Structure formats: C-alpha cells, structure tokens
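Report on the structure given below.
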Amino acid sequence: MSGGFEANGRELLEGIPPAWREPATEVARTLAAAGHRAWIVGGCVRDLVLERPLKDLDIASAARPEEVEALFDRTVAVGRSFGIVVVVLGGVELEVATFRKERGYSDRRRPDEIEYADSPEVDAERRDFTCNALFLDPLDGSLSDPTGGLDDLRAGVLRAVGDPRARFREDGLRILRMARFLASLGLSPAPGLLDAARAEGDSLDGVSAERVLDELGKVLRGPAPWVALRTLHDGGHAARCVQGWSEGDAVAALRPDVLERLGNAPGLGLGLAALLEPAPLGPLDPDARIEGTLEAAAELRASRTDARAAAGIVGLRAELERAAEAPPPEGAEESGARVALWRAPGRADALRLALAWAEVGGDAARGRRLDALASACDALDAAAPSDPVELTAAELIDLGVERGPALGALLQRARHAALGGAFTAREGALAWVRAALR
C-alpha cells in the first residue's frame, strides 16, 4: 500500500452496507478455502475511501472462471471469456473476476487477447485510472494500492494507470469516464491527462452510441455534470458524442453553462433536453425543435421513453416562452389553458431550462417575462379547482357533437373552461357545452 493517505481497511469494510458486505465476505471465505485470496476491487473501494454511496461491489481473485463456477451453487457466466462470473448469494449478485492482463484493442473497446494473472499488482496495470486500481481484502481489511491511487485521491488528482495515451487508445469511452470522474469526484486532471485525451480523440469514433448514452446518463444523474461537459467540449470531444455539437459552435459552448444553472443531477430527460435541443437561442419553432430533439436522441440510441421525455420538455419550454410573450389571459378558457400548461408533467423542468437559456443567452428581459409568467400562473393555479369537472366523449356525442377533430377540440375547451372556473358541476359543464354549440 502506498503511504500518505490515511485509509483504514477495517473501517472501510464497516462502510459497506450489510446486504453487500455479508455475501462478499462469504464469497471471499469460499475462495480462500480453495486457496485463492479475494479482493473487493475498483470503484467500490474508491467510493469507500471517499465516503461516497456505493453503486456496486465487484470481487477479483486468481481463481479461474471454471473454479468459481464449481465453488458456488448459483452462477451466471455473463463475461466468462473475459474471466467474469456473477455469483448469486441470497438474491445478491456479485461480479467475480479473474485477475488478468490484456493485449491489443483493435476495436478500441475489447482486448484482442487476455491472459489470466495471479496478483492484484498485475491486474491493476490494465485498469483505467489509479483511483480505480484499489483492492480491499473483505476478510482482514488489508489494502493493496499498486499504482498509487490513494496518494492521488489524497492530492485530489485523476491520473491514468501507466501511459494515458495508451489507456485512451485502448478504449475511447475512457475519455468520457475521465470527464465524469473529474466532475463527480471533484478531482483535477494529472499533468498531461487532458492533452493525452485530446491526442487520442479519434478513439471515440469506435465507441457505440449506446455506450456514449450510458456514460452521459451517469454524468447527468451525478454531481457537477457541467464540469464533465465542459471538459468534453474544451477537449474537442463533444462533437463526437452529441449530434448537433461542433467545435467552435458558440451555442454548443454555452450548453455546459446551461447545465451549471440546472444544478446537480438534472436527470436524463432534462439533461438531454439541454444538450440536444436544436437552435435553442434562435427563432421559436416548437415543432422543429421537438423533431430535432427526437432525431438527436435517436442518434444516441435513447429509449423511446427518454427521447419523448426530452422532447416533451423542449416542447413545454416553447409553450412557456410563447405564453410569456402573450398578453394576460381573458376569460375562463384562456385562464384555464394557462393552468393546464402550468400543471403539465415536466413543466417545472421546462421552466428551469427556459430560464437557464435566457440567462446564458444574456436575455434578461426574457427571464423577467418568464418570472412574471410563473407568478401569474401560480396565482391562477391556486384559484383553480384541484379536481375539475371532466366531460367524456360520449356525453358530447349525446349532445350532437360528431366524432372527429372537432370533438377533441371541444373536450379540451371544456377542460380549460373547468380549470378557469366557468362551472363547478357536471350540469353546468353540459350547459356550457350547449352554449358553445349554438
């Protein structure tokens, strides 16, 4: 273990939730009985040292996959060719890997060849950053730190294991991971790390859209996502990751600033809306912005649910900005339409996004109009019924309304009228419809 960083292994073990600590200990004891010392490895140890919540727990040892499978009743060979077996104990799944060396990354993702190893010191050499090359014995609390990760954490530095250019060349996703760790761990890049990432930027071309989206999702669900996005933009990497970004694009350079105003962990829907909305400072064309957001989300292989969530926020942002430009509502229907807009799912995120873009775009007047709209809509919403009368299509058909677009339009008008206080009972609603049909 490298000296200098005060980390007590036994105290670290106490920081593991019992639901994970107990099965991890059982796995380690079983492997030890078969002659193999087991170690908790990687990000779990790093997060324990930093006193951060754990996301997972992985174990590594010199035991070969077939040995692991023979030692435990329930296993899943999720990555057997890479020495990885999932052990299932009491409903808890633990990834158990074999120490290994790796050679050649012709697809810039997976090693062309692996060779099993017998020690954490050898296994550490294939890992991306020193803070992820930490090993903790779950039985006695011993720490192994072959690459000086503890000292780097103590100094607040993110450092690659070995040659950073080689690490990034092996797998371009490590450039995104670098940006995420700089943001989420609050670390500073080691000398030469950012230059190495820029020099190996082409390696991102070999990273699938699905892997990019997965990493961006972790960024957007974590702390300080703007730091990660600014790192990617400044390094010339963002255009390789997100459709619509380009080096030298003034609007693209503002997107990290928008994220900063949205705060920590904006989430995937709001985060993608901030990153993917086309021409967010240009003329207001809601349909084009929604369509462009959906297209960009599809390029990232976002799920339909996530793509629609992002596009929905973009569309609501446009509706809010239109409402902010319009005169105050007159009559029950117009007032109710404002209430319906204010109660729309995603409205809070859309307003945050609209205000963020107004601020970074230097449009203080737009920001004031949005603030005024929010105050006015709050007042309308407070006065509106919480459970407004809802007419059915069948009721309108009974009143002589034909099926088709006109039926839907009248139902919406009736909903707005109810929210605006035009009536409070079903009889009044039906009378309102009859009057509307005259």
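Conditions: (1) surrounded by fewer than 23 Cβ atoms within 10 Å (Cβ to Cβ); (2) in contact with a Phe, Trp or Tyr (Cβ under 7 Å, 6 or more places away or on another chain); (3) under 17 Å from ALA228 (Cβ atoms). LEU185 meets all but one. Number of the miss?
So the condition that LEU185 fails would be (2).
For the structure I just gave you, tell me whether VAL122 is among the β-branched types (Val, Ile, Thr), over 24 Å from the mean Cα position of the chain (by Cα), surrounded by 20 or more Cβ atoms within 10 Å (Cβ to Cβ) and under 30 Å from GLY9 (Cβ atoms). Talk me through it step by step, then tell me what you get.
Working: among the β-branched types (Val, Ile, Thr): yes; over 24 Å from the mean Cα position of the chain (by Cα): yes; surrounded by 20 or more Cβ atoms within 10 Å (Cβ to Cβ): no; under 30 Å from GLY9 (Cβ atoms): yes.
Taking the combined requirement at face value, the residue does not satisfy it.
Give the residue, chosen from SER386, SER335, that is among the hydroxyl-bearing types (Ser, Thr, Tyr) and surrounded by 14 or more Cβ atoms within 10 Å (Cβ to Cβ).
Details: SER386 fails: surrounded by 14 or more Cβ atoms within 10 Å (Cβ to Cβ).
Within the list SER386, SER335, the selection yields SER335.
Which count do you get for residues in region 355-366 that are open to solvent by less than 40 Å² (accessible area, probe 1.4 Å) and closer than 23 Å to ALA337 by Cβ?
So the count comes out to 1.
What residue, among those in region 399-430 that are charged (D, E, K, R) and in contact with a helix residue (DSSP H, G or I) (Cβ under 9 Å, 6 or more places away or on another chain), is nearest to ARG343 (Cα to Cα)? Don't jump to the end; show me each part of the working.
In the first step, residues of region 399-430 are kept if they are charged (D, E, K, R); the result is 402-403, 413, 415, 426-427.
Pick out the ones that are also in contact with a helix residue (DSSP H, G or I) (Cβ under 9 Å, 6 or more places away or on another chain) and you get 403, 413, 415, 426.
On the way: ARG403: 27, ARG413: 16, ARG415: 13, ARG426: 22 Å.
Taking the candidates together, the pick is ARG415.
Counting residues that are under 25 Å from ALA274 (Cβ atoms) and more than 29 Å from the chain's Cα centre (by Cα), which helices (runs of 4 or more DSSP H) fully inside region 333-438 reach at least 3?
Numbers: elements: 347-360, 364-383, 393-398, 405-419, 426-437.
By residue number, 364-383.
Being closer than 30 Å to ALA250 by Cα, open to solvent by 50 Å² or more (accessible area, probe 1.4 Å) and in contact (Cβ under 8 Å) with a residue 24 or more places away in the chain is the requirement here; does ALA372 meet it?
On the way: closer than 30 Å to ALA250 by Cα: yes; open to solvent by 50 Å² or more (accessible area, probe 1.4 Å): yes; in contact (Cβ under 8 Å) with a residue 24 or more places away in the chain: yes.
Against the criterion (closer than 30 Å to ALA250 by Cα, open to solvent by 50 Å² or more (accessible area, probe 1.4 Å) and in contact (Cβ under 8 Å) with a residue 24 or more places away in the chain), ALA372 qualifies.
Between ARG165, ARG211, ARG177, which is open to solvent by 20 Å² or more (accessible area, probe 1.4 Å) and in contact with an Asp or Glu (Cβ under 6 Å, 6 or more places away or on another chain)? Show your work before the answer.
Working: ARG211 fails: in contact with an Asp or Glu (Cβ under 6 Å, 6 or more places away or on another chain); ARG177 fails: in contact with an Asp or Glu (Cβ under 6 Å, 6 or more places away or on another chain).
Checking each option against the conditions leaves just ARG165.
Need the failing condition index for THR231 against (1) open to solvent by 20 Å² or more (accessible area, probe 1.4 Å); (2) polar (S, T, N, Q); (3) in contact (Cβ under 8 Å) with a residue 60 or more places away in the chain, just the number.
Among (1) open to solvent by 20 Å² or more (accessible area, probe 1.4 Å); (2) polar (S, T, N, Q); (3) in contact (Cβ under 8 Å) with a residue 60 or more places away in the chain, THR231 violates only (3).
Residues ALA302, ALA274, ALA279: which one is closer than 29 Å to ARG338 by Cα, touching a residue at least 24 places away in the same chain (Cβ under 8 Å) and either open to solvent by less than 50 Å² (accessible area, probe 1.4 Å) or within 20 Å of the chain's Cα centre (by Cα) (or both)? Show your work before the answer.
Details: ALA302 fails: closer than 29 Å to ARG338 by Cα; ALA279 fails: either open to solvent by less than 50 Å² (accessible area, probe 1.4 Å) or within 20 Å of the chain's Cα centre (by Cα) (or both).
On inspection, the qualifying residue turns out to be ALA274.
What pairs can you find where one residue is in region 141-157 and farther than 17 Å from MET178 by Cβ, the other is β-branched (Val, Ile, Thr), and their Cβ atoms are less than 8 Å apart, with a gap of 6+ or different chains?
Short answer, once both residue conditions are applied: LEU143/VAL45; GLY148/THR130; LEU150/VAL49.
From LEU193, LEU216, which residue is open to solvent by less than 50 Å² (accessible area, probe 1.4 Å) and out of contact with any strand residue (DSSP E or B) (no Cβ under 7 Å at 6 or more places or on another chain)? First the steps, then the outcome.
Working: LEU193 fails: out of contact with any strand residue (DSSP E or B) (no Cβ under 7 Å at 6 or more places or on another chain).
Step by step, each of LEU193, LEU216 is checked, and only LEU216 is open to solvent by less than 50 Å² (accessible area, probe 1.4 Å) and out of contact with any strand residue (DSSP E or B) (no Cβ under 7 Å at 6 or more places or on another chain).
Is it the case, given these coordinates, that ARG240 is open to solvent by 50 Å² or more (accessible area, probe 1.4 Å), under 30 Å from ALA196 (Cβ atoms) and part of a helix (DSSP H, G or I)? Even if it seems obvious, please write down each step before you answer.
On the way: open to solvent by 50 Å² or more (accessible area, probe 1.4 Å): yes; under 30 Å from ALA196 (Cβ atoms): yes; part of a helix (DSSP H, G or I): yes.
Here the answer is yes, as ARG240 does meet what is asked.
Give all pairs with beta carbons closer than 6 Å in which a residue from region 89-116 that is among the β-branched types (Val, Ile, Thr) meets a residue that is open to solvent by 80 Å² or more (accessible area, probe 1.4 Å) and at pLDDT 65 or above; count only pairs at least 6 apart in sequence or on separate chains.
none
Quick one: GLU102 ticks every box in (1) open to solvent by less than 50 Å² (accessible area, probe 1.4 Å); (2) part of a strand (DSSP E or B); (3) over 30 Å from ASP202 (Cβ atoms) except a single one, so which number is it?
Result: GLU102 passes all but (3).
The values are calculated or read from the model by the stated rules, or taken from the named source; none is laboratory data. Remember, predicted model here, so these are calculated numbers, not experimental data. Every residue, glycine as well, gets a Cβ built from its backbone with ideal geometry; the counts of neighbours run over all protein chains shown. Each accessible area value is taken on the protein alone, full model and side chains, heavy atoms only, with ligands, DNA and RNA left out. Shrake-Rupley method; radii C 1.70, N 1.55, O 1.52, S 1.80 Å.
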